[in-house]
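Written below as structure tokens is the structure these notes are about.
The values are calculated or read from the model by the stated rules, or taken from the named source; none is laboratory data. Since this is a predicted model, take the numbers as computed values, not measurements. Cβ placement follows ideal geometry from the backbone for every residue including glycine, while neighbour counts extend to all protein chains displayed. All accessible areas refer to the heavy atoms of the entire protein, side chains included, with ligands and DNA or RNA removed. Shrake-Rupley method; radii C 1.70, N 1.55, O 1.52, S 1.80 Å.
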Amino acid sequence: MSHQDTELSRQHTGKMENTRNSHSNVVLKSTEDCAICLDKIQERKMLKCLHSFCSQCIDSVFRFKPACPICNTYHGVYTGTQPEGTMTVTRSWQRLPGFEHCGCIVIQYSFPAGIQGPEHPNPGVRYSSTSRTAYLPACEEGEKVLKLLRKAFDRRLVFTIGQSATTGLNNVITWNDIHHKTNVGGGPQCFGYPDPAYLFRVQEELRLKGVTEED
């Protein structure tokens, strides 16, 4: 290919790039639509994560969950519907598979029977008592997860009332998408250890509910 042909090819490529960039700008302008109502933004409200919505739309969403619908960044503290109960922590020298260099943290959750409140699926309907035991390694990262779980429990986020995924029963206390290790061994299939990625995963689940070290 001659030098002239090469130059013409380069100019043609440059025009194509300019066209693509122009199209990109058009796409970006389309983000002026509200991601909630899918219409042009009215009375714009920009969140600290820099996403914008109609003021009325985002206020309506925040009444249920104060998180950005696009990136899930929390704006304020999210409180769940966990019923009244206790979270007790003890420590044991028992070794967890995969964490043989340290002891373990034993978490005991206990909930008495009660009546569902207005924030629950069936207000006025009774729910039964329950108790759960969970285990964490007593290493630095395990201690960090324990603090986050305590924060989540205080915000009523660890449990909720609904349908049990295990038994199919309704109006019972269930886990609320923050997974726990309820067995010492057996691996992930038995909700136990070893599971090298568990501590990372549970921190991500907590983050999605607005529970982090920084907040």
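Cβ contacts < 9 Å: first residue within 20 Å of residue 110 (Cβ to Cβ) and touching a residue at least 12 places away in the same chain (Cβ under 8 Å), restricted to segment 127-155; second residue charged (D, E, K, R) and open to solvent by less than 40 Å² (accessible area, probe 1.4 Å), any location; separation 6+ or different chain. Result? So the pair list comes out as 134/181; 135/181; 136/181; 152/209; 155/209.
Output the number of residues of segment 115-144 satisfying the condition of being under 14 Å from residue 91 (Cβ atoms) and either part of a helix (DSSP H, G or I) or not polar (S, T, N, Q) (or both).
Taking segment 115-144 as the starting set, the residues that turn out to be under 14 Å from residue 91 (Cβ atoms) are 133-139, 142-143.
Still in the list and also either part of a helix (DSSP H, G or I) or not polar (S, T, N, Q) (or both): 134-139, 142-143.
Result for segment 115-144: 8.
Among the candidates 18, 72, which residue alone is open to solvent by 70 Å² or more (accessible area, probe 1.4 Å) and modelled with pLDDT under 95?
From the options 18, 72, the qualifying one is 18.
Go through the residues of segment 42-54 one by one and say whether even a single one is at pLDDT 90 or above and polar (S, T, N, Q). So far as segment 42-54 goes, yes, one or more of its residues are at pLDDT 90 or above and polar (S, T, N, Q). In segment 37-49, the residues that are assigned by the TED database to the domain that holds residue 67 reach residues that are open to solvent by less than 100 Å² (accessible area, probe 1.4 Å) and aromatic (Phe, Trp, Tyr) with C-beta atoms within less than 7 angstrom, at least six apart or across chains, in these pairs: 41/53; 45/53. State whether one or more residues within segment 108-120 are assigned by the TED database to the domain that holds residue 176, hydrophobic (A, V, I, L, M, F, W, C), within 20 Å of residue 176 (Cβ to Cβ) and touching a residue at least 60 places away in the same chain (Cβ under 8 Å). Within segment 108-120, one or more residues are assigned by the TED database to the domain that holds residue 176, hydrophobic (A, V, I, L, M, F, W, C), within 20 Å of residue 176 (Cβ to Cβ) and touching a residue at least 60 places away in the same chain (Cβ under 8 Å).
Out of 168, 187, 142, one residue alone is farther than 15 Å from residue 83 by Cα, in the same structural domain as residue 98 (by the TED database), among the small types (Gly, Ala, Ser) and open to solvent by 20 Å² or more (accessible area, probe 1.4 Å). It is 168.
Could you tell me whether any residue of segment 87-105 is farther than 24 Å from residue 207 by Cβ, open to solvent by 40 Å² or more (accessible area, probe 1.4 Å), assigned to a strand (DSSP E or B) and charged (D, E, K, R)? Yes, because at least one residue in segment 87-105 is farther than 24 Å from residue 207 by Cβ, open to solvent by 40 Å² or more (accessible area, probe 1.4 Å), assigned to a strand (DSSP E or B) and charged (D, E, K, R).
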